[in-house]
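Visitor: My questions will all concern the structure given below.
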Amino acid sequence: MKTSMIILSVLFLSLARADEGEVARRLAWVEGDIQSSYQSDRKYARERLKSFEGREPSPEDLDRYLEYLALLDITDHPEAVKKMKSFIVARPSDKRAAFLMGVHFLRRGKKDFAKYLFTQLEADKEFPWKSFVLNNLGMLALDDKNADQAVHFFEKAAKAIPRTAAPLVNLGALYLKSQSYKDALPLFKEARRLDPDFEDAALGFGASLEGVGKYADAHEVYTEYLEAHPEAISTLYNDSIVLGNFLKQRDKAAELMLRYIQKGGKETARAHEIIRSWR
């Protein structure tokens, strides 16, 4: 019996301020058989970009300017690459724009260029976004079908600074794929603690709980996330499956699945079949 959808792999970039205050965590790349959150994150990025009110921040305000560059790139602004290159030339000692350039290359399938930049940054002991670099190198290894090397990078990234949920989710996704649910559980639990708004962390935590037979706990995780993020259709789907197939609350499950269909979930045909099976 098919259970909930799970994450297969995630490329994730966080832009955290040095004081650990505001975090712009909305640049995500999700691959696999779940409804990707990437489009909603791009929508968020566009909205976030509007907060600059058409005024480019000063490069002297480094964190704000780097966030601005990242938002330009994720929204495919035609000036994004030019501005990143100008920043790199003007501030060669600050390598964070080089990292953003690496992400730019990765998003566009230029993986050799991305790998070169990330490898250089990994070797730089002073680079402040080490966990992001290691995470992305893990994604490149995963893309090359080298799971052992991917695990190596994700494990290093999970311990590196700044702490971020991405490598924990990626590592947990590999455990889910191999049905090692007990190993995945603590990874997703910590990812959820680090970033409660990251849907993939909630999905992974719930799927891990399902894997060890704790369906009521999984339902609680999904419900809690949906209360804060009612637009999260992947979580809506998972919660419906748990309610209908395992907790035998089929009327409520059908109601949630109809909401999933109405919100444009990509598994619409399958959702209709599931509802019919509950009647």
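Visitor: Report yes if some residue within the stretch 179-187 is among the small types (G, A, S) and touching a strand residue (DSSP E or B) at 6+ places or on another chain (Cβ under 7 Å); otherwise report no.
Guide: no
Visitor: Ok, one more. What is the residue count in the stretch 80-135 for residues that are touching a Leu at 6+ places or on another chain (Cβ under 9 Å), of a type in the set (F, W, Y) and part of a helix (DSSP H, G or I)?
Guide: Qualifying residue count, the stretch 80-135: 6.
Visitor: A further question on this structure: Test T235 against the stated conditions and say whether it is in contact (Cβ under 8 Å) with a residue 24 or more places away in the chain and either over 17 Å from the mean Cα position of the chain (by Cα) or not in a loop (DSSP other than H, G, I, E, B) (or both).
Guide: When the stated conditions are applied, T235 passes them.
Visitor: Still on this structure, please answer the following. Could you list, in sequence order, the residues of the stretch 103-129 that are at pLDDT 90 or above and either among the charged types (D, E, K, R) or outside the structural domain of T164 (by TED's automatic domain parsing) (or both)?
Guide: Passing the criteria: K110, K111, D112, K115, E122, D124, K125, E126.
Visitor: For residues that are without any contact (Cβ under 8 Å) to a residue 40 or more places away in the chain and β-branched (V, I, T), scanning just the stretch 49-100, find the one that is nearest to Q120 (Cα to Cα).
Guide: I88
Visitor: L243: in the same structural domain as A157 (by TED's automatic domain parsing), modelled with pLDDT of 95 or more and either within 17 Å of the chain's Cα centre (by Cα) or assigned to a helix (DSSP H, G or I) (or both), yes or no?
Guide: When the stated conditions are applied, L243 does not pass them.
Visitor: Has the stretch 109-124 got any residue that is more than 17 Å from L140 (Cα to Cα) and of a type in the set (D, E, K, R)?
Guide: yes
Visitor: Within the stretch 156-178, work out how many residues are assigned to a helix (DSSP H, G or I), in contact with a strand residue (DSSP E or B) (Cβ under 9 Å, 6 or more places away or on another chain) and crowded, with 24+ Cβ neighbours inside 10 Å.
Guide: Adding up the residues that qualify gives 5.
The values are calculated or read from the model by the stated rules, or taken from the named source; none is laboratory data. As the structure is a computational prediction, the values presented were derived from the model and not from experiment. Here the Cβ is made from the backbone with ideal geometry for all residues, glycine too, and neighbour counts use every protein chain on show.
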